[in-house]
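The values are calculated or read from the model by the stated rules, or taken from the named source; none is laboratory data. As the structure is a computational prediction, the values presented were derived from the model and not from experiment. With ligands, DNA and RNA removed, areas are computed over all heavy atoms of the protein, side chains included. Shrake-Rupley method; radii C 1.70, N 1.55, O 1.52, S 1.80 Å.
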Amino acid sequence: MSTNNQNDNQNPNSGTPNSSTPAYIEGGRRRRRGPRRDGRGNNTTLSPSDNIEQAEIENTELATSEAYEDEAALAEGGIKALGSKRIIPFMKLEKPMAIFSILMIIISIGALFINGLNLGLDFTGGVSADVKYEKPVEQTEVIQSLEKAGFNDAVVQYLGGTTELLVRLPPQSDNVEGLNESLGSALELPNNSAQISNVNIIGSQVGGEVYLSSMIAIITALGMMMLYVAVRFQFKLAVGAVLALVHDAIVTLGFFALFQFPFDLTVLAAILALIGYSLNDTIVVFDRIRENFRRVRDASARQIVDLSLTETLRRTIMTISTVLVVVLAMLFLGGDGLFWFSVAFFIGLIAGTYSSTYISSSIPLAMGLSRDDFVVKIKPEFQEEEVSFNDPKSFED
C-alpha cells in the first residue's frame, strides 16, 4: 500500500499533482487541484499545512483576478468594474454639468425678468370664434385672409377636421354684432363660404385669472410629486427630484422668454406633461439606486449611483428615442395647433434627460446619501434576545 503511493508520488507522468506540490496560476486562472486518490480510489486527507497553503493560493488567485479585471476595464474607455459588472463613471461629470445647469437657470431667470413671456390670447384675453367651411381649407389661407381684412396675429386651429376651425384673435374694439359681420366677410374664401357658429370675447381679467391658475397648477404638481417621492423612497431623493423638475420647467420657460415664443395653454400643457415624463424617468433611476444600496456591499455611494445609472442607461435611451420620434412627428406634421406644444416638449425633453441623470442624483449625494437611508433599522425594544440552551445530557454522551 505504501509502496504504491510512493510510486505514484514519484511518477513524473502522473496526471494528478502531488499534495505537497504548490498549484500555479496561468492567465489569471488556477488549474483545479483536487484531493489525490490512492490505488483503491480513496481520497487522501490533506494535512493542516496543506489547508493553509490552499487558502493562501486562493487569496493570491483572487487578487490577481481582480487586478486583471480592473486593468481590462480601464482599457475600455475608463469604464470600471464593480464585481462582475461594468459601470460608467457618470459622476465624473458632476461638477461640469452642475455649472452648466446653473448657467442655464441664470440665463432663463434673467430672460424671464427682462423680456417676460410672450403671453398668448389665453392669458391676455381676446376673441375666439368657431368657423365651419363648406370645403376643406388650409390654415395659412385663413390667416392670410384675416390679415388682408386687418385682423393681425390670428391663431387658427383645426377642430377634428379640415373644415371646422377655431379662430383666436387679440382684443378687438367692436362689439359682438359688429365683430360677427367683419369676421364673416374676412373669413370668406373664393368658392368656399364660411359660417361662424360661436363668438366669445375673453377679457383681460379672465386671462389674468387663467395665468394665475396655471402657475398654481405647476406649483401644486411639483409639491405633490415631492411628497410622493419622499413617501415612496427617501426625503433626500425627493429634494433632488423636485429640483430637477424645477430646473426643467425654468429652462423651458427661459427659452420661450429669450426667443419670445408665444406662450399659451398648449405650452402650459406641454410643461405639465414634461414634469410627469421627467419624474417617471427619475423614479426608475431612484428605484435602482435603492435596490443597489441594499444589495451591493463594500461600495461607496458614488459607485452605487454610477452603477444604477449604468443599469438604467439602456432603458433611458430607448424611452427618449421613442418619445423624441413622437415629438418630432408632431413638430413637423402636427400643424400650427401642436407646433408650440412640440417645441416646448422638445426643449424640456433634452433638459429633462440630463437632469434625471445628474441633478436628481448628484443633489442627494451632496446631502449625504448612504446605505443607512434605505436599510430598515430595528429598534432595541423590538430586538429578540438571543438565548443559548445547553442540554446537560449532551455532556454525559
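Of Arg315, Arg168, Arg295, the residue with the largest accessible area leads and the full order is Arg295, Arg315, Arg168 (1.4 Å probe). Heavy-atom accessible area with a 1.4 Å probe sorts Asp122, Asp248, largest first, into Asp122, Asp248. So what's the gap between the Cα centers of the stretch 232-268 and the stretch 287-348, to the nearest angstrom? One Cα centre to the other: 15 Å. Size of the stretch 246-381: Rg and Dmax of its alpha carbons, in Å, are 18.3, 66. Once a ≥ b ≥ c are taken as the square roots of the eigenvalues of the Cα gyration tensor of the stretch 236-298, is the result rounded (a/c under 1.5), prolate (a/b larger than b/c) or oblate (a/b not larger than b/c)? Because a/c hits 1.5 or more and a/b exceeds b/c, the stretch 236-298 counts as prolate. Residues Lys132, Lys95, Lys148, Lys236, ordered by accessible area of protein heavy atoms at a 1.4 angstrom probe radius and largest first, appear as Lys148, Lys95, Lys132, Lys236.
By accessible area, using a 1.4 Å probe on protein heavy atoms only, the stretch 229-289 has 72% of its surface on carbon and sulfur. Close amide-amide hydrogen proximity is noted between Ala194 and Leu189, each under 5 Å apart and 5 or more residues distant or on a separate chain (H modeled in the peptide plane; Pro and chain starts excluded). Note on the stretch 266-310: Cα-Cα pairs beyond 14 Å make up 56% of the total pair count.
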